[in-house]
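Data block below; observations after.
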Amino acid sequence: MRHQAVLFAVLSIIVTSDAWLSNHMKRVSVKVMGSRAADKRERKKQWLGKRGGNVSAGDDASSGGQVPFSEIIGSGRIGALLAEAGKCKVLGREDSIDSEGKGSILIATRNDSLESIVEKCPENRRKDLVFMQNGYLDKFLDSKGLLGNTQVLLYLSKASMEAKAVDGVTSVNPEGLTAATGIHAQAFADRLASLDLKCNVVSPKSYRPAMFEKLM
């Protein structure tokens, strides 16, 4: 009987220990998962802090912004993609820009078309021009008095007109790499958000190093 009592006591200790260990491991697992999520949020916060902006499109919590009306110059892959969000008028390179219009004018053309587009744009609408071209545009924009205009670093690809757009998202940058600055930056971000694409709205000061980073 004494042996049975001792055996029963030992088994009780083992069962109790096993239950404690199981519950403890569950708590540890939850804590680790919470820590990873917190670390991810912190890395995201630090990345945005360095760039002076916030993720306002395609983020975990939607910005909920409405897509504002835009004129889009160019009907190629990028122009057609932006037009999919609706509330826009697509123009050819030689079409006239409405001097009475309002909202952003998204230039979805190559760099060699910028000169003629700017020159043909009504003076009162030049502030609405949004430049999305690759390369160093500061010298050109400064010569036209447009250095303060909205600019976009576009990190997305579209292999063909029919292909689905691929966002510039990596495991290191889950918030995406596309960035915009200027008076129409938020409107552009909202347009991309409606297409399930990400865009970071940043300050002009933070935009410049990001621009050079893309160039390099």
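Would you mind finding the one in V118, V152, V169 that is touching a residue at least 24 places away in the same chain (Cβ under 8 Å), assigned to a helix (DSSP H, G or I) and aliphatic (A, V, I, L, M)?
Just one listed residue meets the conditions, V118.
I want to confirm something. Restricting to the range 157-216 and keeping residues that are under 17 Å from I78 (Cα atoms) and of a type in the set (V, I, T), which single residue is modelled with the highest pLDDT?
T178
Sort out which residues of the range 184-197 are of a type outside the set (S, T, N, Q) and in contact with a strand residue (DSSP E or B) (Cβ under 6 Å, 6 or more places away or on another chain), and write them in order of number.
H184, A185, A187, F188, A189, L192, A193, L197
Does L195 qualify as being surrounded by 15 or more Cβ atoms within 10 Å (Cβ to Cβ), in contact with a Phe, Trp or Tyr (Cβ under 7 Å, 6 or more places away or on another chain) and in a loop (DSSP other than H, G, I, E, B)?
Judged against the criteria, L195 is not a match.
The values are calculated or read from the model by the stated rules, or taken from the named source; none is laboratory data. The shown structure was predicted, so the numbers you read here are calculated from the model rather than taken from an experiment. Because the Cβ atoms are built from the backbone with ideal geometry, glycine has one as well, and the counts that use them run over all protein chains shown.
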